[in-house]
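*Asks:* Handing you this structure, nothing more for now.
A short reminder: the numbers here are calculations on the coordinates, not readings from a lab. All of these numbers come straight from a predicted model, not from anything done at the bench. Every residue, glycine as well, gets a Cβ built from its backbone with ideal geometry; the counts of neighbours run over all protein chains shown.
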Amino acid sequence: MVPGVKLVVLGKQGAGKGTQAVALSHHYVVPHIATGDMLRAHVRGGTELGHKAKSIMDSGELLSDEMIIEMVAERLWSADVRARGFVLDGCPRTVHQAKMLAEILDVDELDAALDIEVPTSEVLARLAQRRVCSDCGTNYSIASPPRINWTCDICFGEVVQREDDTEEAIRRRLELYERETEPLIEWYRENELLVKVEGVGSPDNVLRRIIESVEEHRGGRASL
Ligand code: AMP
């Protein structure tokens, strides 16, 4: 039996976080919890949270830590997550969120915080090409589109450019990443959870590198 995992995935927008988080959740057979996807579902569903989130998301700003952690906490308490673990994608994004998360989930419970490293010039090129299914969130790009006429291969939803993939919103998200999220990397390093992986290369090669590094890290920790 493949063991489960409790993994946080960090990385700049466009680093391949979403793609790798989905592949990791399949590999470890655990739920993929992506705060961006959850919020986009709220926007599509017209919920109160969705109404509050839409304009903040479109401009590339961050939602309040409290709103995010409340939404994530509910998901972390569900039975499937309790049974095998999770791949958490897009949260935490600030040190405050990480500290709030550590109150729900003991820091020792995490197997690793993965940082996928990709140079900014590369992420900018990737984001300009990125397209996404407006229903299920599957990622595509101009270079690897869905098989039929911008219709999602998985759920037949419409594949579009994200509303926050405009030049201005991308710039703002990268600025916020540097200011709010990069300090988190230090925080996880201090807590001996940080696993850094080079994110340039084919998605399969990056995935292999990630799994090897996560296993090495937990092997190392397990034998301490
Ligand atoms: P993503 O799909 O992860 O790029 O998230 C899209 C947008 O959702 C972000 O630009 C934020 O506006 C919002 N968002 C997602 N996760 C968080 C978070 N952990 N904290 C604050 N805002 C978030």
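*Asks:* Across the chain, how many lysine pairs separated by 8 or more positions, or lying on different chains, have Cα atoms within less than 26 Å?
*Replies:* Taking the chain as the scope, the lysine pair count is 14.
*Asks:* Continuing with this model, one more query. Select from Thr120, Thr35, Thr181 the residue whose mean-square fluctuation is largest in a Gaussian network model of the chain (Cα-Cα springs shorter than 10 Å).
*Replies:* Thr120
*Asks:* Can I ask one more? Which FRET efficiency, nearest 0.05, do Met1 and Glu70 yield, Cβ-Cβ r, R0 41 Å?
*Replies:* 0.80
*Asks:* Which Cys residues of the chain have no other Cys Cβ less than 4.7 Å away and so no disulfide-compatible partner by this rule?
*Replies:* Cys91
*Asks:* Also: Over all directions, what mean area does the Cα convex hull of segment 107-224 project, stated in square nanometres?
*Replies:* 8.9 nm²
*Asks:* Taking only DSSP H segments of four or more residues, each worth -39500 (n - 2.57), what value at 222 nm results for the chain once the sum is divided by all its residues, to the nearest 500 deg cm²/dmol?
*Replies:* Mean residue ellipticity at 222 nm (helix-derived): -15000 deg cm²/dmol.
*Asks:* Then there's this: Translational diffusion coefficient of segment 27-114 at 37 °C, 0.692 mPa s, Stokes-Einstein with Kirkwood Rh over Cα pairs, in µm²/s as a whole number.
*Replies:* 239 µm²/s
*Asks:* Let me check the size of the chain from its C-alpha atoms; what are the radius of gyration and Dmax in Å?
*Replies:* Both quantities, over Cα of the chain: 16.8, 53 Å.
*Asks:* Take peptides 43-56, 8-21 and line them up by average Cβ neighbours within 10 Å, highest first, as a rough protection proxy.
*Replies:* Listed from highest to lowest mean packing, they are 8-21, 43-56.
*Asks:* Could you work out the relative contact order of segment 32-138, using alpha carbon pairs under 8 angstrom and six or more residues apart, expressed as a whole percent?
*Replies:* 27 percent
*Asks:* For segment 33-130, give the magnitude of the charge dipole about the Cα centre (Cβ charges: +1 Lys/Arg, -1 Asp/Glu; no others), in debye to the nearest 20.
*Replies:* Using only the charged Cβ atoms, the result is roughly 500 debye.
*Asks:* Then there's this: Residues with amide H under 5 Å of Tyr140's amide H, sequence separation 5 or more or different chain, H placed in the peptide plane at 1.01 Å from N; which?
*Replies:* Hits under the 5 Å cutoff: Arg131, Val132, Cys133.
*Asks:* Note down the magnitude of the dipole of the chain about its Cα centre, charges +1 on Lys and Arg C-beta and -1 on Asp and Glu C-beta and zero elsewhere, to the nearest 20 debye.
*Replies:* 520 debye
*Asks:* Rounding to the nearest 20 debye, state how big the charge dipole of segment 73-181 is about its Cα centre with +1 on each Lys and Arg Cβ and -1 on each Asp and Glu Cβ.
*Replies:* Dipole about the Cα centre, nearest 20: 300 debye.
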